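The values are calculated or read from the model by the stated rules, or taken from the named source; none is laboratory data. Fair warning: this is a prediction, and the values are worked out from it, not measured in the lab. Here the Cβ positions follow ideal geometry from the backbone for every residue, glycine too, while neighbour counts run over all protein chains shown.
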């Protein structure tokens, strides 16, 4: 056997050894009729418009409702902002470890940790990215959006990578009408789910950037909705969003039988309450439980009684 043949055998052996550690190769989505029927039943009677997209990365099983319709992102827009920030780091425009100076002019009123800093306080960019995702810090997010080169730059990245509907609207020239209709950002359930899958598969910005972005997305403070219906011993990447008439979450579950991704977004909700019984929140929890039971029938699980008192509120 020549050297090339030996090298190929070694490469094949290495691939086999690493297979369980690598994200699955993408398969063309294939309609899952039982899952589709379950989704249709789930949203029946919902007082508003619901959009859902689900895909199992290993098998290609997929289903959806209004999966290509445009919905408001609310805080899910922070996933594109995260990508824009890491893209700027990859290009040398920003340094992940650089120290930033906070000023009061950056304040976005609310309960943000960054917004509670004193004027001229120092904070590392790496902490801004973490807080943007983990606690959905709005002040950090708007700061990073500007540092990444504004929403226009982020939107160009999205367009260049095949995302036709997902856009940053707020503080982005030319998108005032979209902001009026959708708020900070807009997307479809399919595009937001596939954006998260892209990160998981190492295809967003670079493999190294994707790895760290994925780590960020597995550290959510908000565990009361989709994550509450999943076993705590399973790693999950997620980002939530909520405004008065919309609730949303994008989730990628590293499940025992293979990764699956889903996104659920609502709009025009009649229920505008902010307690756990909000119809949008209930729908998210029910969907997450439905999908776990559908894809993982050999691993039944239910949350412990009384766990709700340990869950952070929206």
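The one condition from (1) more than 24 Å from residue 137 (Cβ to Cβ); (2) loosely packed, with under 13 Cβ neighbours inside 10 Å; (3) out of contact with any strand residue (DSSP E or B) (no Cβ under 9 Å at 6 or more places or on another chain) that residue 310 does not meet is (1).
It is to be established whether one or more residues within segment 46-56 are under 21 Å from the mean Cα position of the chain (by Cα), part of a strand (DSSP E or B) and surrounded by fewer than 24 Cβ atoms within 10 Å (Cβ to Cβ). Yes: one or more hits. Within segment 135-152, the set of residues being under 13 Å from residue 185 (Cα atoms) and surrounded by 24 or more Cβ atoms within 10 Å (Cβ to Cβ) comprises 141, 145, 151.
Just one of the listed residues (27, 18) is closer than 27 Å to residue 155 by Cα and either in a loop (DSSP other than H, G, I, E, B) or at pLDDT below 95 (or both), namely 27.
Exactly one residue out of 68, 87 is part of a helix (DSSP H, G or I) and over 15 Å from the mean Cα position of the chain (by Cα), and it is 87. Only one residue in 201, 235, 186 is touching a residue at least 60 places away in the same chain (Cβ under 8 Å) and in contact with a strand residue (DSSP E or B) (Cβ under 9 Å, 6 or more places away or on another chain), so which one is that? The conditions single out 186. Of all residues in segment 204-223, those satisfying the criterion of being part of a loop (DSSP other than H, G, I, E, B), over 12 Å from the mean Cα position of the chain (by Cα) and crowded, with 17+ Cβ neighbours inside 10 Å are 204, 205, 222, 223. When each of 273, 257, 277, 288 is tested for being touching a residue at least 60 places away in the same chain (Cβ under 8 Å), surrounded by fewer than 16 Cβ atoms within 10 Å (Cβ to Cβ) and either out of contact with any strand residue (DSSP E or B) (no Cβ under 7 Å at 6 or more places or on another chain) or closer than 20 Å to residue 29 by Cα (or both), the lone residue that passes is 257. Looking only at residues in segment 291-304 that are touching a residue at least 12 places away in the same chain (Cβ under 8 Å) and surrounded by fewer than 19 Cβ atoms within 10 Å (Cβ to Cβ), the one that is farthest from residue 56 (Cα to Cα) is 303.
Out of all the residues in segment 168-185, which are in contact with a helix residue (DSSP H, G or I) (Cβ under 9 Å, 6 or more places away or on another chain) and buried (at least 23 other Cβ atoms within 10 Å of the Cβ)? Correct list: 168, 169, 184, 185. Selection of segment 251-298 for residues being part of a loop (DSSP other than H, G, I, E, B) and in contact with a helix residue (DSSP H, G or I) (Cβ under 8 Å, 6 or more places away or on another chain) yields 255, 257, 258, 259, 269, 270, 271, 276.
Every residue, every condition in (1) assigned to a loop (DSSP other than H, G, I, E, B); (2) within 15 Å of residue 213 (Cβ to Cβ), yes or no:
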residue	(1), (2)
94	yes, yes
100	no, no
111	yes, no
119	yes, no
133	no, yes
141	no, yes
159	no, no
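If you check residue 83 against the conditions, is it crowded, with 18+ Cβ neighbours inside 10 Å and over 24 Å from residue 173 (Cβ atoms)? Considered against the rule, which asks whether it is crowded, with 18+ Cβ neighbours inside 10 Å and over 24 Å from residue 173 (Cβ atoms), residue 83 comes out as no.
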